[in-house]
Structure formats: C-alpha cells, structure tokens
1. Which members of region 45-67 meet the condition of being within 19 Å of residue 410 (Cβ to Cβ) and in contact (Cβ under 8 Å) with a residue 24 or more places away in the chain?
2. Filter region 70-120 down to the residues that are free of Cβ contacts under 8 Å to residues at least 24 places away in the same chain, under 16 Å from residue 48 (Cβ atoms) and surrounded by 18 or more Cβ atoms within 10 Å (Cβ to Cβ) and list them by number.
3. Please work out which one of (1) modelled with pLDDT under 95; (2) surrounded by fewer than 17 Cβ atoms within 10 Å (Cβ to Cβ); (3) within 20 Å of the chain's Cα centre (by Cα); (4) part of a helix (DSSP H, G or I) is the condition residue 255 fails and give its number.
4. Only residues that are surrounded by 15 or more Cβ atoms within 10 Å (Cβ to Cβ), in contact (Cβ under 8 Å) with a residue 60 or more places away in the chain and under 19 Å from the mean Cα position of the chain (by Cα): list them for region 231-246, please.
5. Looking for whichever is at pLDDT below 90 and touching a helix residue (DSSP H, G or I) at 6+ places or on another chain (Cβ under 9 Å) here; the options are 147, 188. Which one fits?
6. Which one is surrounded by the most Cβ atoms within 10 Å (Cβ to Cβ) among residues in region 341-356 that are touching a residue at least 12 places away in the same chain (Cβ under 8 Å) and out of contact with any strand residue (DSSP E or B) (no Cβ under 9 Å at 6 or more places or on another chain)?
7. Going residue by residue through region 274-283, is there one that turns out to be in a helix (DSSP H, G or I), farther than 29 Å from residue 346 by Cβ, touching a residue at least 24 places away in the same chain (Cβ under 8 Å) and over 20 Å from the mean Cα position of the chain (by Cα)?
8. Out of region 266-292, which residues are at pLDDT below 95 and surrounded by 22 or more Cβ atoms within 10 Å (Cβ to Cβ)?
C-alpha cells in the first residue's frame, strides 16, 4: 500500500470500530455466554505442571481474559494471574530450589540462611511487592471481560495524545520508583546483586520478595569476601518460551541489566528509541511509566530495535502506556516479543498500529495481524460482531490474510467461527512447540 492508501484504511478502521463501540452497551445483556472450560494441560506442557519443588494446581480460574493459577512450592503458595506471570514464577521457584541445593554442598551455613528467607511454610502465601503495582481488579478492568471491550479501543487511533508527558527541561526522577528501592544504596553492593542475578538468570527487579531476599544475602556474602556467592551453576530445563534471534535479544537485555543501573538503563533505552524516530514525549512517557520495571522497559526497547524498517514502532509504546500494573506490563512485553518473533519467522512486518490497549500490524505481504494479550479467547455476541466487522473490513481493504497472535488459547467454538471468517489463529504463540 502507498501512504494515501494506508491513511485511508486507518481512517476506515477508526470509523468501523467507533461504530462497533456504541453497540457494545446493547450487547452486554445478551453477551452472557459462559467461557469454555479449559484444563491445565491445554495451557501448559507436562514439563511446566510440576517438579520436585512445585506443583501447579489443576483448577484454572478465569478473571477477565486471564487465567488465575495457584502454584504450590516448597517455600509457599503463589497466586498468579496470567500465563506469562505463571511461567516467570515457575522459573524463579525452580532456580531458588536448585541454588539452595547447590550451596548446601559448599556451605551449610549459607544454605541454611538462604533456605530461611525463601521458606516460610508450605501453606504460606508468598509476598509480592504491590506498590505501585495495582491489584487484580485493575487487570480485569484493563483487559475487559471479552474480546469486544478491548478491540473496540482501536478507535483511539484517531486520538494520538500521550497521557504522560515529560518536561524535556527536567531529567525524569527514575530513582523514586519501587524498583529503585530494590537496589542497595552502596553502588558496589548493587553491582554485585545485579551480577549474581544475571549469573542465576533471575530478574534483579523481580517483585517476588523471596527472590529479592535471596539476592540480597548473596550480594552481602560476595561483598564480604565469599567469592563463590552467586557463581554456582543452575541447570534447568530449556525455557518454555521461544526466543528471538536465537536468544541474542534476550542476552543483550540480560547483559545491559547486569552492567547498568536504573538511570543508565534509562539513557540506554532513550538513545535507542530516539534513533527509531519515536517522539521524545512518547518514549519519555514510556520510560517513566511506573508499571514497567527497568527490565521490561529494556526488553520492549530491544524488540522494537530488532524490528528493523518497521514503520511506526512508537505504536507499541502508545499501547503500553495503558498498562496499570505488573501483569499488564508483562503482557505488553510479551506482545512486543510476539511481534518480533513473527517478524523474524513468519512474514516481515511493515507498520505497527496502536489500537488502545491492543496492537495491530500490517506486513509486506499485505497481511493484517492482531496481537492479543489474552490467556483465553471465547465466542459470544460481542466477539462475533467485532470479528465479523473486522473480516469485512479486511475484505474491503484487500488484506490477503488476517491473523491473530495470542499468548494463550482459543475456545473450540471461537476457533471454528474464526476459521469461517478466514482468521488464522496462532495460539500459545510464545510457547515452544
């Protein structure tokens, strides 16, 4: 498409979805179809369901469009919202369990101290840092109860305003966030903590209080002269999620997090986003956003840099500004990874389009791609109206294919209906097959 044609279909999409939005109120009363029942093995492979150190309970609960998991571990119970967050917590549980066992062989005293901070009793709930990370209620509000409520926000394409604008004359204070409070004031101790986290493949900015206490002890041990602290080898199964560019992007992010403090990461990401031609007020709003950890900000930036020659990459940041908490922020980071992986392995992307809290893209082969941060997509009155309208829009504008990239799964009925509308659904897109 040329620029005029592209502007035409964008305007048409705004009009189409603004017309759908008023109908949503009428559909609410009859959109009460219950979501389909989903078993755990439809979501996770056997290798993720349990190990010697944890077990994911079989019963899945649905909150909005996200699954709620309960994970029993040797050091407490985790109540986790969303597939990406469950995968992250499982990785942390496995890592802490193996690390304690490894230290037991070298230093029983250190192992006992580490075990003490991560085990508070098998029936105890694991504390998660919550401020300013909001509650489950806000996640459900953010990612509405069904597909219609979220996709309808694409009508915000006509409103390019950035809600969080930074004064360019003042350096943003990135040292007052909750994540800055996780870093020791002593720069040497902070550097040790970042290095040890990298060595163990843990996020130094994790909201898991067990992880933070674990890393703090090891950093103090290293500073006190224990050269073995943090240098153990943890052997875990291969990460269940796919990597982009054979893991090079993830390695670059991990290296940056290990070597740079929060302010240095801000400057690193600022420089990269500026080079992409993104407006300063937009990338400063994103880099100052309190819901995103320094790690997630660096990940999203790295994936945008990887998608070379894709136009309007600022749309990713525009969508990400809608994040209200850690769960939705993690969802946006996974959306960026899905787009980068599609760009690498499927069809080259051409343009990104922000639609409220979701993302659309076009490809060089004239495909239309919608990225959904949903654990479950099911069929009801709203999803039928939205996807029927989108299918007609795709036909009218000559898109050769229409694809849905999804973090989770699609109900059987929804899958059949979408196939009839010529949508290709790529479920569990980030999980290794």
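1. Within region 45-67, 45, 62, 63, 64, 65, 66, 67 qualify.
2. Correct list: 71, 80.
3. Checking residue 255 against (1) modelled with pLDDT under 95; (2) surrounded by fewer than 17 Cβ atoms within 10 Å (Cβ to Cβ); (3) within 20 Å of the chain's Cα centre (by Cα); (4) part of a helix (DSSP H, G or I), the one that fails is (1).
4. 240, 241, 242, 244, 245
5. 147
6. My answer is 356.
7. yes
8. Passing the criteria: only 291.
The values are calculated or read from the model by the stated rules, or taken from the named source; none is laboratory data. Nothing here was measured: the structure is a model prediction, and the numbers come from that model. Here the Cβ is made from the backbone with ideal geometry for all residues, glycine too, and neighbour counts use every protein chain on show.
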